[in-house]
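*Asks:* Following this message is one structure expressed as structure tokens.
Read the figures in this text as sums done on the coordinates, not as results from a lab. All values reported here derive from a predicted model rather than from experimental measurement. Quick reminder, even Gly has a Cβ in these numbers, built from the backbone with ideal geometry, and neighbours come from all protein chains shown.
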Amino acid sequence: MAKKSLIQREHKRKKLEEKYRLIRQSLKKKSKDSSLSQREIIEIQRKLQSLPRNSAPTRLHRRCLVTGRPRANYRDFGLSGHILREMVHACLLPGATKSSW
């Protein structure tokens with residue numbers, strides 16, 4: 001189980017990212033406009049840099065829904081490989097079977 005403080009930090013980052021998403025998107029869209037002068041582009045970049053670091057979507061980390069583990073997560077299930085394997089063996093995930101060859 002991941003530390004509660006790390007999980008809370010991820011929730012805080014997610015809220016910040018949602019809060020500043022539209023602002024960040026609009027500033028990025030403006031900066032890609034080719035008709036702007038060099039000074040205007042620099043101003044837009046300064047505004048982007050003034051946003052909180054944790055509001056950037058690249059700072060978000062996908063975590064297991066059960067344990068909070070940050071690594072080896074399957075997007076389809078939202079679970080880490082360890083928990084996914086246990087749940088498949090216990091027949092708790094419909095449609096998922098243990099592979100055998």
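*Asks:* Restricting to lysine pairs 8 or more places apart or on different chains, what number in the chain have Cα atoms under 14 Å apart?
*Replies:* 4
*Asks:* Here is a further query. Apply the Karplus curve 6.51 cos²θ - 1.76 cosθ + 1.60, θ = phi - 60°, to the phi angles in region 58-72 and return the couplings in whole Hz, x for Gly and Pro.
*Replies:* These are the phi-based 3J(HN,Hα) values: 6, 7, 6, 10, 6, 10, 5, 6, 8, 9, x, 5, x, 10, 6 Hz.
*Asks:* How much FRET efficiency would the formula 1/(1 + (r/R0)^6) give for residue 96 and residue 33, where r is the Cβ-Cβ distance and R0 is 30 Å, rounded to 0.05?
*Replies:* 0.05
*Asks:* Here is a follow-up. For residue 73, what charge total do you get from the other residues with a beta carbon under 11 Å from its beta carbon, if Lys and Arg give +1 and Asp and Glu give -1?
*Replies:* With Lys, Arg at +1 and Asp, Glu at -1, the net is +4.
*Asks:* Would you kindly derive the ³J(HN,Hα) couplings of region 31-47 from the backbone phi angles with the Karplus curve 6.51 cos²θ - 1.76 cosθ + 1.60 (θ = phi - 60°), listing them in order in whole Hz, with x for Gly and Pro?
*Replies:* So the J values, rounded to whole Hz, are 5, 7, 5, 7, 7, 7, 7, 5, 5, 5, 5, 5, 4, 5, 5, 5, 5.
*Asks:* Continuing with this model, one more query. Each label point is 7 Å from the Cα along the Cα-to-Cβ direction; what then is the distance between the points at residue 43 and residue 22, in nm?
*Replies:* 2.2 nm
*Asks:* OK, next. Where does the charge balance sit around residue 93 when Lys and Arg score +1, Asp and Glu -1, over other residues with C-beta under 11 Å from its C-beta?
*Replies:* Spelling it out: positives minus negatives among the neighbours equals 0.
*Asks:* Hey, of (1) -0.60, -1.19, -1.23; (2) -0.59, -0.97, -1.02; (3) -0.42, -1.09, -1.18, which did the structure itself give for log10 I(q)/I(0) by the Debye sum over Cα atoms at q = 0.12, 0.20, 0.21 Å⁻¹ when calculated?
*Replies:* Label of the calculated value: (2).
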